[in-house]
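So the structure is just underneath, and the comments pick up after that.
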Amino acid sequence: MNSSNGNGSMSTASSSGAWDGRDQFPAGLRVLVVDDDPTCLMIFEKMLKTCLYQVTKCNKAETALSVLREHKNGFDIVISDVHMPDMDGFELLKHIDSEMDLPVILISADATKQIVMKGVTYGACDYLIKPVRIETLKNIWQHVVRKKARNTLLEIKY
Amino acid sequence: MEVGQMQRRLVDYTKSLFMEKGFLDAQFLQLQQLQDESNPDFVVEVVSLFFDDSEKLLNDLTMALDQPNVDFKKVDAHVHQLKGSSSSIGAQRVKNACIAFRSFCEEQNIDATLRCLQQVKQEYYLVKNKLETMLRLEQQIVAAGGSIPMIELGF
């Protein structure tokens, strides 16, 4: 058996391990972006594609939830606007938290401390204020890695 | 007009939009930097989308403020959206007008909000006009075989 690395680890089919072996990571990061504003959605999509991420966009939280449910382990991270007419970002976050194990970033043009606090306490891994710069999006992969590292630690403990 | 002259005219015009009048801010530069060979019309497409979307929002706002019992929550939601999209495009003065608008929505001040609506509309049509002029200048340069000069603004 040809072992190319010394630590003898096997690459397991881990729960959502699609990112583990990719050499180009974070290129190919699978992002779902949700915003009911078409202008913002178009800009996000372009920025995320420029970061070499794989982007899926939705303009409704309900649609986003269906997509996530239909493609379990199909995404690495969700970015969602807070203020949307049918279901808002907080509700979407609650659903994602209870049904899946995905990092969620909330975005809004609202920057009040109360709402940012709400986002963080609801479990958002980050809260970004519009307008979002591409440099910020280039770093979102860190949330994916951090969450996985935490999950791994929990698995080891128990 | 030869290409060099057109390019200089575009640079001067664009600079004035940023520096003197504050119509656009650094976010607009982000959009220009996103445009590349794979997406050569990105700025035009986003700006057009912004125009369509904003005009719809402004109509909704006009109607919402025209009701006997104004639903300020609804008004605020529309202004919030316009604030988000205008800030994402870099339309600074529209964004600032929205910020003022929202504070009066909170106060549920009908007269002030009506004035704010006029202000937002004014800023919107101004920036629309400026952007259309700028994009037209760009088109002329490209049609004459020239390339769009990069604007250095030191933001």
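The values are calculated or read from the model by the stated rules, or taken from the named source; none is laboratory data. As the structure is a prediction and not an experimental result, all values here were calculated from the model. Note that each Cβ is placed from the backbone with ideal geometry, even for glycine, and that neighbours are counted across all protein chains shown. In case anyone asks, the SASA skips ligands and DNA or RNA and just uses the protein heavy atoms, side chains included. Shrake-Rupley method; radii C 1.70, N 1.55, O 1.52, S 1.80 Å.
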*Within the range A:106-124, track down each residue that is in a loop (DSSP other than H, G, I, E, B) and at pLDDT 95 or above.*
A:A124
*Matching residues in the range A:106-136 - criterion: being within 14 Å of chain B (Cβ to nearest Cβ) and within 11 Å of the chain's Cα centre (by Cα)*: A:L106
*Across the range B:113-146, what is the number of residues that are modelled with pLDDT of 95 or more, among the hydrophobic types (A, V, I, L, M, F, W, C) and more than 16 Å from the chain's Cα centre (by Cα)?*
2
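Out of the range A:61-80, which residues are away from chain B (no Cβ under 14 Å) and under 25 Å from B:K95 (Cβ atoms)? Walk me through it before giving the result.
Within the range A:61-80, the subset away from chain B (no Cβ under 14 Å) is A:61-78.
Residue satisfying the conditions is A:A61 alone.
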*State which residue is surrounded by the most Cβ atoms within 10 Å (Cβ to Cβ) when the search covers only the range A:58-80 and only residues that are part of a loop (DSSP other than H, G, I, E, B) and not small (G, A, S).*
A:D76
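So that you can scan it fast, the table gives a plain yes or no per residue for (1) over 25 Å from A:K148 (Cβ atoms); (2) modelled with pLDDT of 95 or more:
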| position | (1), (2) |
| --- | --- |
| A:G28 | no, no |
| A:L41 | yes, yes |
| A:K46 | yes, yes |
| A:K49 | no, yes |
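This table checks each residue for (1) of a type outside the set (A, V, I, L, M, F, W, C); (2) over 27 Å from B:L34 (Cα atoms); (3) open to solvent by less than 70 Å² (accessible area, probe 1.4 Å).
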residue	(1), (2), (3)
B:V75	no, yes, yes
B:K83	yes, no, yes
B:E106	yes, yes, no
B:N109	yes, yes, yes
B:L114	no, yes, no
*Mind counting the residues in the range A:81-105 that are assigned to a strand (DSSP E or B) and within 13 Å of chain B (Cβ to nearest Cβ)?*
1
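So which residues in the range B:20-38 are within 14 Å of chain A (Cβ to nearest Cβ) and in contact with a helix residue (DSSP H, G or I) (Cβ under 7 Å, 6 or more places away or on another chain), if there are any at all?
Passing the criteria: B:L24, B:D25, B:Q27, B:F28, B:Q30, B:L31, B:Q32, B:L34, B:Q35.
Out of the residues in the range B:60-79 that are in contact with a Cys (Cβ under 8 Å, 6 or more places away or on another chain) and within 14 Å of another protein chain (Cβ to nearest Cβ), state the one that is farthest from B:L29 (Cα to Cα).
B:V75
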_What are the pairs with Cβ atoms under 8 angstrom where one residue, in the range A:59-70, is of a type in the set (V, I, T) and the other, located anywhere, is open to solvent by 100 Å² or more (accessible area, probe 1.4 Å)? Sequence gap at least six, or different chains._
none
*asked:* Yes or no: the range B:81-93 includes at least one residue that is out of contact with any strand residue (DSSP E or B) (no Cβ under 6 Å at 6 or more places or on another chain), more than 12 Å from every other protein chain (Cβ to nearest Cβ) and not basic (K, R).
replied: no
